[in-house]
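The values are calculated or read from the model by the stated rules, or taken from the named source; none is laboratory data. Everything numeric in this text was worked out from a predicted model, so none of it was measured. Quick reminder, even Gly has a Cβ in these numbers, built from the backbone with ideal geometry, and neighbours come from all protein chains shown. Just so you know, the surface numbers come from the protein's heavy atoms only, side chains and all, with ligands and any DNA or RNA stripped out. Shrake-Rupley method; radii C 1.70, N 1.55, O 1.52, S 1.80 Å.
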Amino acid sequence: MFCKNCGTQIDDKAVICPHCGVPQSALGREMAQPAPAQKQETNVLAILGLVLSFFVAIAGLVCSILGMKKAKELNGSGRGLAVGGLVVSIVSMALSVVYLITYIALIVSFAV
């Protein structure tokens with residue numbers, strides 16, 4: 001058999017021409033077409049949790065926890081963002097407590 005596109009002699013059972021890649025039969029045309037992409041749902045809570053954790057730590061923590069819960073439903077989609085939001089929120093809140101204790105200690109030391 002000869003290729004319909006380039007004219008090179010190919011195997012009679014060939015579905016696609018090994019030289020030019022053009023499908024030779026209906027089966028080859030079906031194989032050459034890519035499968036339609038599945039729409040993947042975005043985990044908005046995880047994204048929101050990460051963004052909020054930089055500005056409002058408690059709101060970021062809550063959204064990140066909800067994003068982790070939603071990630072389980074979405075087969076892990078957004079899990080990394082939710083974990084990042086949790087870490088940033090916890091570190092931010094811990095630093096706020098350290099700053100508050102330092103501020104109170106400075107006020108008390110100057111008052112004495």
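Consider the range 52-66 and keep the residues that are touching a residue at least 24 places away in the same chain (Cβ under 8 Å) and of a type outside the set (S, T, N, Q). The one that is most open to solvent (accessible area, probe 1.4 Å) is Phe54. For the range 73-110, a tally of residues being farther than 20 Å from Gly60 by Cβ, small (Gly, Ala, Ser) and assigned to a helix (DSSP H, G or I) returns 2. Look at Ala111 and say whether it is open to solvent by less than 100 Å² (accessible area, probe 1.4 Å) and modelled with pLDDT of 90 or more. Considered against the rule, which asks whether it is open to solvent by less than 100 Å² (accessible area, probe 1.4 Å) and modelled with pLDDT of 90 or more, Ala111 comes out as no.
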